[in-house]
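Everything below concerns the one structure shown next.
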Amino acid sequence: MNMLSALNDPVFAGFLAASMRLAIPIMLAALGGLFAERSGVLNIGLEGIMLIGAFVGFVVTFATGQLAIGIVAAVLSGVTAGLLLGLYTITLSANQVVVGIALNLLSVGVTSFFYRLFFGAATDRPRIEPFAPVDFGGLGDVPLVGPLLFRQDMLAYLGLSLIVLTWFVMKTTRFGLNIRAVGEHPEAAETLGVDVVHTRYIAIALSGGLAALGGAFLSLSATGVFLDNMTAGRGYIALAILILGRRHAIGILFAALLFGSADALQLRAQLLPINVPLQFLLMLPYVLTIVVLAGFAGRQGTPAALGLPFLRSGSQKG
């Protein structure tokens with residue numbers, strides 16, 4: 001098999017398309033983490049906010065029959081969760097790790113309880129019609145680029161456009177500069193007229209909205225159903241992607257594709273006649289997360305004030 005025929009192989013093309021599709025939700029959550037961490041707030045609650053977004057997006061879409069309304073509701077639920085996180089971490093100066101983990105644990109119970117309250121405990125789960133891939137005709141058959149970019153749905157394209165928008169905001173706008181300033185040296189930023197608390201609240205609200213959008217992708221695009229704890233650790237993987245991508249929008253895209261490829265690989269490897277235990281294949285994305293954290297979790301690229309509450313008295317506490 002020559003190189004051209006290998007690139008055109010349907011199995012390989014399906015792998016590429018799946019890699020992008022599986023990368024989108026963790027990429028969106030990582031973008032949310034980018035806004036929070038650049039402002040100095042460590043959003044460990046990405047996992048829980050993703051789950052809330054998946055639940056709210058599914059319930060509202062099921063009730064209204066409109067995917068767009070479900071997406072809006074999911075984002076608003078994420079913004080609300082982000083503001084709640086901000087209340088504890090920014091205003092009350094609570095430990096950011098503890099608050100984030102508490103939100104993750106709370107979201108599992110809350111979504112499971114209300115799902116059974118709304119739909120009962122029957123084994124026949126309600127479904128919705130998810131987003132369908134956009135038909136680009138022959139563009140989807142272009143080697144490499146076609147499966148990656150032209151076999152996705154509108155929600156995936158929204159996610160990719162948010163990569164560009166995030167890069168533009170963080171790199172070229174005054175708002176992006178303010179976010180980076182309050183994450184590096186909030187006291188100096190305040191002396192220059194930047195409202196640190198206000199800026200951090202906006203950042204954590206954006207963080208929650210983007211993470212919830214990533215969660216909504218799971219229920220409204222990838223599956224068409226809601227399952228208990230369906231995020232399955234993707235919020236934590238998003239934190240690893242932030243580190244690997246150096247908290248940069250373009251870096252996050254490529255890091256998310258790496259993890260999406262690992263997930264797609266384990267799904268396809270399950271169908272191959274190889275003598276490898278299923279449990280080992282399921283471990284691949286999480287093993288990659290551990291490797292990334294072990295190899296790249298240094299202070300390089302980390303905002304200086306990350307995780308430190310801002311006190312207007314002029315001091316910070318760890």
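The values are calculated or read from the model by the stated rules, or taken from the named source; none is laboratory data. Worth saying up front: this structure is predicted, and the values here are computed from it rather than measured. All Cβ positions, glycine included, derive from the backbone under ideal geometry; neighbour counts span all protein chains shown. Keep in mind that these areas ignore ligands, DNA and RNA; they rest on the heavy atoms of the full protein, side chains included. Shrake-Rupley method; radii C 1.70, N 1.55, O 1.52, S 1.80 Å.
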Note, ³J(HN,Hα) from phi for segment 152-157, Karplus 6.51, -1.76, 1.60, rounded to Hz, x at Gly and Pro: 10, 9, 5, 5, 5, 5
Residue 304 versus residue 123, label points 7 Å from Cα toward the beta carbon: distance in nm? 6.0
Mind giving me the FRET efficiency for residue 195 and residue 157? R0 is 41 Å, r the Cβ-Cβ distance, nearest 0.05 is fine. 0.75
Using a Gaussian network model of the chain whose springs link C-alpha atoms within less than 10 Å, name the residue from 123, 89, 302 with the highest mean-square fluctuation. 123
Summing -39500 (n - 2.57) over every DSSP H run of at least 4 residues in the chain and dividing by its residue count gives a helix-only mean residue ellipticity at 222 nm, to the nearest 500 deg cm²/dmol, of -22000 deg cm²/dmol
How much accessible area per residue does segment 174-240 have, in Å², with a 1.4 Å probe? 34
Using Cα atoms only, what is the angle between the long axis of helix 46-64 and the major principal axis of the chain, expressed in degrees (0 to 90) to the nearest 10? 60
Tilt, helix 278-296 to longest principal axis of the chain (alpha-carbon atoms), in degrees rounded to tens, equals 30
Enter the per residue convex hull volume of segment 164-263, computed from alpha-carbon coordinates, in Å³ rounded to the nearest integer. 114
Give me the accessible area per residue for segment 10-143, probe 1.4 Å, as a whole number in Å². 43
Added length on full extension, which subtracts the Cα-Cα distance from 0.36 nm per residue, residue 142 to residue 228: 27.2 nm
Round to a whole number: what % of the accessible area of segment 31-168 belongs to carbon and sulfur, probe 1.4 Å? 74
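Per residue, how big is the convex hull around the C-alpha atoms of the chain? Give it to me in cubic angstrom, could you? Can you show the working numbers first?
On the way: hull volume 47.1 nm³, N = 318.
Roughly 148 Å³ of hull volume per residue.
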What nm distance separates the two modelled labels at residue 188 and residue 112, each placed 7 Å from Cα along Cα→Cβ? 4.7
Mind computing the radius of gyration and Dmax over the alpha-carbon atoms of segment 80-174? Å is fine for both. 20.3, 55
Set the Förster radius R0 to 25 Å, insert the Cβ-Cβ distance between residue 92 and residue 175 as r into 1/(1 + (r/R0)^6), and round the FRET efficiency to 0.05. 0.50
By average C-beta atoms within 10 angstrom, highest first, the peptides 246-258, 153-165: 246-258, 153-165
Taking placed amide H atoms and a strict 5 Å upper bound, the residues 5 or more places from residue 43 or on another chain that come that close are 37
Using 1/(1 + (r/R0)^6) with R0 = 30 angstrom and r between the beta carbons of residue 290 and residue 164, what's the FRET efficiency to the nearest 0.05? 0.45
³J(HN,Hα) computed for each position of segment 136-142 - Karplus, 6.51 cos²θ - 1.76 cosθ + 1.60, integer Hz, glycine/proline x: 9, x, x, 4, x, 9, 5
So who's got an amide H within less than 5 Å of the one on residue 153, skipping anything under 5 residues away but keeping other chains? H placed 1.01 Å off N, in plane. 134
With a 1.4 Å probe and all protein chains kept in place, how much accessible area does residue 110 have, in Å² rounded to the nearest 10? 60
Those residues of segment 132-163 whose amide nitrogen sits under 14 Å from the label point placed on residue 12, 7 Å along Cα→Cβ: 142-148
Burial order of peptide ranges 221-229, 9-17 (average beta-carbon count within 10 Å, highest first): 221-229, 9-17
Charge dipole of the chain about the Cα centre (unit charges at C-beta), most positive-ward option of 288, 152, 92: 92
